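Novice: Below: one structure in structure tokens.
Values quoted throughout were computed directly from the atomic coordinates according to the rules given, and no laboratory measurement underlies them. Computed from a predicted model, the values in this text were never measured in an experiment. Cβ placement follows ideal geometry from the backbone for every residue including glycine, while neighbour counts extend to all protein chains displayed.
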Amino acid sequence: MSKTRQIEISYAIIDRNFSLIKSPCIEIDENNVLVGIGKGCKPGVEKIGNSILMPALCNAHVHLLDATLIELGEDRNLEELVSLPSGLKYRYLESIDLKIATSIVRDYLRKIYQKGVTYLASYFEGGRSTVNILENIVKTSPEIDMRSLLQPLTKNPESYTHALLHSFSDGIGMDTILDLEANELKKLVELAHALGKQVHVHLSETIQLLRRSDYEIALEVKPTVAVHLTWLPREKILELGKENIGVVFCPRSNIYHLSKIPELSVLIELYNEDLKYGLGTDNVAWIPPWIDEEAQFAYVIYREKLEGRLREHYAKSILSGISYSCIDIITERLRKSRLVLHLRRLHGIEYTNNVYITLVKRLSESIVEEKMLYVDNR
């Protein structure tokens with residue numbers, strides 16, 4: 001029989017409904033697997049105050065290679081910066097030093113992991129040099145469950161198919177869904193599904209893309225994930241979700257580049273209907289890749305638009321968007337019951353009037369004390 005230890009903590013959240021367990025006693029085996037949770041420990045058991053056990057964090061959309069281009073082109077607009085293939089970003093990525101880029105991205109991944117992110121989806125733009133960077137990163141960052149999405153610099157079916165078939169690819173990331181004809185993209189999505197890989201696309205990020213009805217193509221071809229949705233109405237976002245397309249929001253990036261935020265109130269409905277959605281941090285060049293700060297921003301920027309009674313529910317929906325719902329998109333296996341949990345220390349959480357809102361606003365202040373695996377065998 002394996003040895004176990006018990007700890008009494010302040011709170012625990014270990015189910016998809018974000019049910020809150022107060023002052024639980026958790027039991028952990030020698031392999032750091034959570035084997036039990038109940039109300040109250042026996043006297044003399046270790047107690048950790050201002051603590052909460054909760055799911056590891058998830059970032060549903062980031063461009064990690066942009067870490068080599070910090071604050072590039074501050075005087076340019078979004079199209080000038082990231083339009084493929086002529087954008088300033090791509091011209092600079094073509095000349096990056098392989099060794100330096102690998103070191104920079106690895107350092108960011110280390111910090112991301114330290115802040116409690118275990119699940120991540122990242123675009124990797126470029127050709128052979130990008131694959132070399134990715135290979136080095138994957139070999140040295142096994143602690144992060146990362147879905148690596150290759151984005152070729154040429155927009156044709158052959159390039160995307162080659163990227164999809166590559167051994168270090170977990171799927172492809174597309175600049176826009178208009179990069180290919182609908183029938184070409186449909187075949188690509190079918191191939192990705194057959195390979196157990198994914199197709200992520202930027203969707204309705206600009207008003208121009210919305211006017212070209214890019215979301216209608218998405219409904220037809222059904223990519224795995226649609227990102228941004230900055231200009232998409234609430235009902236269209238829900239329509240995508242009900243078609244089993246994961247929807248991802250990056251509000252800090254949208255406000256930074258476009259002075260516009262997506263219809264974030266839809267998070268509540270996505271949460272209520274258990275649809276696949278998440279939050280992402282987008283381009284590291286301009287937005288720091290800290291998903292806890294994305295959550296805080298999403299709450300603060302939209303709070304006043306909601307009636308008081310809805311604010312707690314909105315906070316829960318954000319927390320799910322950086323944990324359970326987001327992990328569903330990236331791993332496609334969370335529903336099979338395995339989950340990484342983090343025991344966090346967060347000053348003042350024992351005395352807060354609302355745990356959920358404290359978490360969504362102050363998670364960036366917390367420290368990951370311990371990591372463990374939860375296996376639900378029910």
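Novice: Counting only other residues whose beta carbon sits under 13 Å from that of I268, what net charge do I get with K and R as +1, D and E as -1?
Specialist: Here the count lands on 0.
Novice: Could you quote the convex hull projected area for segment 1-82, Cα atoms only and averaged over all directions, in nm²?
Specialist: Projected over every direction and averaged, the Cα hull of segment 1-82 covers 9.7 nm².
Novice: Checking the a/c ratio against 1.5 first, then a/b against b/c, what shape does the Cα gyration tensor give for the chain?
Specialist: Prolate, because a/c is 1.5 or more and a/b exceeds b/c.
Novice: Which entries of K99/K222; K39/K111; K111/K260; K89/K197 show an alpha-carbon separation above 32 angstrom in the structure shown?
Specialist: K99/K222; K39/K111
Novice: Can I ask one more? Please rank D274, D75, fewest neighbouring Cβ atoms within 10 Å first, as an exposure proxy.
Specialist: With the sparsest Cβ surroundings first, the list reads D75, D274.
Novice: Then there is this: Report the charge-dipole magnitude of segment 180-283 in Debye, nearest 20, computed about the Cα centre from +1 at each Lys and Arg Cβ and -1 at each Asp and Glu Cβ.
Specialist: I would put it at about 200 debye.
Novice: Here is a follow-up. Under a Cβ-only charge scheme (Lys and Arg +1, Asp and Glu -1), can you give me the dipole magnitude of the chain about the Cα centre, in debye to the nearest 20?
Specialist: Value, rounded to 20: 1020 debye.
Novice: Whole angstrom only: what separates the Cα centroid of segment 1-21 from the Cα centroid of segment 292-353?
Specialist: Spelled out, the Cα-based centre of one part sits 17 Å from the other.
Novice: Still on this structure, please answer the following. From the phi of every residue in segment 44-60, what ³J(HN,Hα) in whole Hz does the Karplus formula 6.51 cos²θ - 1.76 cosθ + 1.60 yield, where θ is phi - 60° and glycine or proline is x?
Specialist: x, 6, 4, 10, 10, x, 6, 10, 8, 9, 8, x, 4, 8, 9, 10, 7
Novice: Tell me, what is the FRET efficiency for N31 and E365 to the nearest 0.05, using R0 = 25 angstrom and their Cβ-Cβ distance as r?
Specialist: It comes to 0.25.
Novice: Something else now. Looking only at segment 1-157, where both bridge partners belong to it, what percent of the DSSP beta bridges are antiparallel (to the nearest 5)?
Specialist: DSSP beta bridges in segment 1-157 are roughly 45 percent antiparallel.
Novice: If you don't mind, another one. Taking +1 at the Cβ of each Lys and Arg and -1 at the Cβ of each Asp and Glu, which of G308, L195, G44 sits farthest along the dipole of the chain towards its positive end, judged by Cα position relative to the Cα centre?
Specialist: G44
Novice: How much of the DSSP beta bridge set in the chain is antiparallel, as a percent to the nearest 5?
Specialist: Numbers: 25 of 61 bridges.
If we restrict to bridges inside the chain, about 40 percent are antiparallel.
Novice: What value, in deg cm²/dmol to 500, does the helix sum -39500 (n - 2.57) over DSSP H runs of n ≥ 4 give at 222 nm once divided by the residues of the chain?
Specialist: -11000 deg cm²/dmol
Novice: Over the chain, what is the mean sequence separation of C-alpha contacts under 8 Å (at least six apart), divided by residue count, expressed as relative contact order in percent?
Specialist: On the way: 766 pairs, mean separation 70.1, N = 378.
Result for the chain is 19 percent.
Novice: For the chain, build the charge dipole from Cβ charges (+1 Lys, Arg; -1 Asp, Glu) around the Cα centre, then report which of A12, S103, T130 sits farthest towards its positive end.
Specialist: With unit charges placed on the Cβ atoms, the residue in question is A12.
Novice: Would you mind checking which residues have amide H under 5 Å from Q151's amide H? H placed 1.01 Å from N; only 5 or more apart, or other chain.
Specialist: For Q151, the qualifying residues are F124, E125, G126, G173.
Novice: To make sure I understand the rule: partners must be lysines, Cα under 26 Å from the Cα of K42, and not fewer than 8 residues away in the same chain. Which ones qualify?
Specialist: Of all the lysines, those that pass the test against K42 - Cα under 26 Å, at least 8 places apart if same chain - are K3, K22, K371.
Novice: Listed here are the pairs K155/K316; K242/K316; K187/K236; which of them are more than 27 Å apart at the Cα?
Specialist: The answer is K155/K316.
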